[in-house]
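Read the structure below first, then the notes.
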Amino acid sequence: MSTTGASSSAKAPALPRSAAPFGLSLAGLAGGLAAIWIVAAWNTGIDRSNTLAVTLIACAVVAAIIGAGDLFWLRSYRQASTGLAPAALRKADPLRIAVRLLGLALTIGLMLFVYWLFPEYGSWYDTYWQFLRDLAWVVVPLAPLYFWWTDTRLVNPQDAYWQLGMLALRGRFGSADCALLKAHFMGWTVKAFFLALMVVFLNNDVRVLVSNLSVGFRANQLYDFLFNLSYTIDLLFCVVGYAMTLRLFDSHIRSTEPTAFGWVIALMCYNPFWDAVIGRFYLHYEDETFWDNGLFDWPIVRTIFGIDIILLVFIYSLSTVAFGLRFSNLTYRGIITNGPYRFSKHPAYISKNLSWWLISVPWISHHGWTEAVRNCCLLGLNNLIYYFRARTEERHLSQDPAYVAYALWIEEHGVLRWLGRLLPFLRYHPPTESQTPA
């Protein structure tokens, strides 16, 4: 693995192949948006109670298109990274399958218990509870079939589900693979936390999108429509990504963020931590001045701002689309090197943070220049949070030599390579030999 003292040629290897073809992801996106549009065109009476059906259909179409491409075109299940053999290694063992299914049931049961235990998961998540009930109609009949198939191909059939099932049956921790169980529960913690949020957010955005498509909108509403559309796209692939963590598609979780700091800096950006505490009482950088009212004397400038904001939020959403079935915070599920990631290591963070500056115009305030300075400082602290998120992610992903090769390639060919040369602390530094995992 390269070190900081390596030559320039060693620092710029070829761009690694992306774990998810961008064209296939775009095909899934087209299918998902088409499903929403068709339902909206055929049923103008969709209300709050049945918008979830549209959300589920869109997610299913995206997953089906990309999943079919992974299975029949890429044949992802043949990849060594799946932990599956290209052909059957053994006959299926019904007893082992039953133990693994017990482990799955215990995992889901524990997740539901945590939802029940914490008051945070109240009525605001009603959409998510219905999502889980609907999803159960697919998971319950297919899980035994999937476990049967993987039992014949798993290189290590005594996986985390088997370990957990045996732990419950034997009641002895000494015989369990604690490292494997720790990784298992960390991955499921990420899924349980983020999937609940993303389902609710997606359903809310789909409701607005369907309403706009059903009744139409005027030209002066184009900005709001495109802004909502971009975040619908982002959330659509978030939900699909968190739901489709399967070895069959090589989209399973390989590892989770190993440091407490990485978890804290990521989770503080989301509900309930952000809205209830951090964004509300500490880093609230917005007042009533925004780009569409703070720049009211300059219509041309307002137009330029609106166009730039939409371009940035679409870069942000396409950065999520590039992951295909693999999007997830705090986890490693394969290196993405195409789409917006062909030009920058962190296009989502960069575009999102730049859009906040244009939307909130913090340097303008009706309360005076001191309030404007304060807003700029607070937004700068928000940006700093995402800088630390980027750094912790880079450190985590650098356990894979493919990411090191990608990051070094971006250092030489990325559109922001000049920024790293201007500000050396922004440059990527690969791990030294002593930091490289065995």
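GLY83 is checked against (1) at negative phi; (2) in contact (Cβ under 8 Å) with a residue 60 or more places away in the chain; (3) of a type outside the set (A, V, I, L, M) and fails just one. What number does that condition carry?
Result: GLY83 fails condition (1) only.
Assuming PHE217 fulfils every condition listed in (1) modelled with pLDDT under 95; (2) in a helix (DSSP H, G or I) apart from one, which condition is it?
(2)
Please pick out the residue among ALA60, ALA35 that is under 22 Å from the mean Cα position of the chain (by Cα) and under 24 Å from ILE336 (Cβ atoms).
Of the residues listed, the single one that is under 22 Å from the mean Cα position of the chain (by Cα) and under 24 Å from ILE336 (Cβ atoms) is ALA60.
Do we find that LEU164 is in contact with a Leu (Cβ under 6 Å, 6 or more places away or on another chain), surrounded by 17 or more Cβ atoms within 10 Å (Cβ to Cβ) and part of a helix (DSSP H, G or I) in this structure?
Working: in contact with a Leu (Cβ under 6 Å, 6 or more places away or on another chain): yes; surrounded by 17 or more Cβ atoms within 10 Å (Cβ to Cβ): yes; part of a helix (DSSP H, G or I): yes.
Yes: the conditions hold for LEU164.
Is there any pair linking a residue in segment 266-292 that is touching a residue at least 12 places away in the same chain (Cβ under 8 Å) and over 19 Å from VAL200 (Cβ atoms) to one that is of a type outside the set (Asp, Glu) and open to solvent by 60 Å² or more (accessible area, probe 1.4 Å), with Cβ under 6 Å and at least six apart or on different chains, and which?
Close Cβ pairs satisfying both conditions: LEU283/LEU381; THR289/HIS366.
Among the numbered criteria (1) touching a residue at least 40 places away in the same chain (Cβ under 8 Å); (2) buried (at least 22 other Cβ atoms within 10 Å of the Cβ); (3) of a type outside the set (A, V, I, L, M), which single criterion is violated by PRO340?
(1)
Mind telling me which of the residues ASP292, ASP297 ends up being open to solvent by 40 Å² or more (accessible area, probe 1.4 Å), out of contact with any Leu (no Cβ under 7 Å at 6 or more places or on another chain) and in a helix (DSSP H, G or I)? Spell out how you get there, then give the answer.
Numbers: ASP297 fails: in a helix (DSSP H, G or I).
When all the criteria are applied, what remains is ASP292.
Every residue in segment 311-327 that is farther than 20 Å from GLY380 by Cβ, open to solvent by 20 Å² or more (accessible area, probe 1.4 Å) and in contact (Cβ under 8 Å) with a residue 40 or more places away in the chain, please.
If the condition is that a residue be farther than 20 Å from GLY380 by Cβ, open to solvent by 20 Å² or more (accessible area, probe 1.4 Å) and in contact (Cβ under 8 Å) with a residue 40 or more places away in the chain, then PHE314, LEU318, PHE323, PHE327 are the ones that fit.
Could you check segment 343-368 and list, in sequence order, the residues that are open to solvent by 10 Å² or more (accessible area, probe 1.4 Å) and either β-branched (Val, Ile, Thr) or more than 21 Å from ALA390 (Cβ to Cβ) (or both)?
Scanning segment 343-368 gives ILE350, ILE359, TRP363, ILE364, SER365, HIS366, HIS367, GLY368.
Taking ASP205, is it surrounded by 17 or more Cβ atoms within 10 Å (Cβ to Cβ) and in contact (Cβ under 8 Å) with a residue 40 or more places away in the chain?
Values: surrounded by 17 or more Cβ atoms within 10 Å (Cβ to Cβ): yes; in contact (Cβ under 8 Å) with a residue 40 or more places away in the chain: no.
So ASP205 does not fit the description; no.
Identify, from the list ASP275, ASP287, the residue that is in a helix (DSSP H, G or I), surrounded by fewer than 20 Cβ atoms within 10 Å (Cβ to Cβ) and either at pLDDT below 95 or at positive phi (or both). Walk me through how you get there before you give the answer.
On the way: ASP287 fails: in a helix (DSSP H, G or I).
When all the criteria are applied, what remains is ASP275.
Among the candidates VAL415, VAL373, VAL404, which residue alone is in a helix (DSSP H, G or I), modelled with pLDDT of 95 or more, farther than 23 Å from LEU236 by Cα and open to solvent by 40 Å² or more (accessible area, probe 1.4 Å)?
Values: VAL415 fails: in a helix (DSSP H, G or I); VAL404 fails: open to solvent by 40 Å² or more (accessible area, probe 1.4 Å).
Of VAL415, VAL373, VAL404, the one residue that is in a helix (DSSP H, G or I), modelled with pLDDT of 95 or more, farther than 23 Å from LEU236 by Cα and open to solvent by 40 Å² or more (accessible area, probe 1.4 Å) is VAL373.
Among the residues of segment 208-224, which ones are surrounded by 19 or more Cβ atoms within 10 Å (Cβ to Cβ) and under 26 Å from the mean Cα position of the chain (by Cα)?
LEU209, VAL210
Quick one: count up the residues across segment 167-197 that are under 18 Å from HIS396 (Cβ atoms), open to solvent by 50 Å² or more (accessible area, probe 1.4 Å) and either not in a helix (DSSP H, G or I) or not polar (S, T, N, Q) (or both).
So the answer is 4.
The values are calculated or read from the model by the stated rules, or taken from the named source; none is laboratory data. Everything numeric in this text was worked out from a predicted model, so none of it was measured. Backbone-built Cβ (ideal geometry, glycine too); neighbour counts: all protein chains shown. These accessible areas exclude ligands, DNA and RNA; they are computed on the full protein's heavy atoms, side chains included. Shrake-Rupley method; radii C 1.70, N 1.55, O 1.52, S 1.80 Å.
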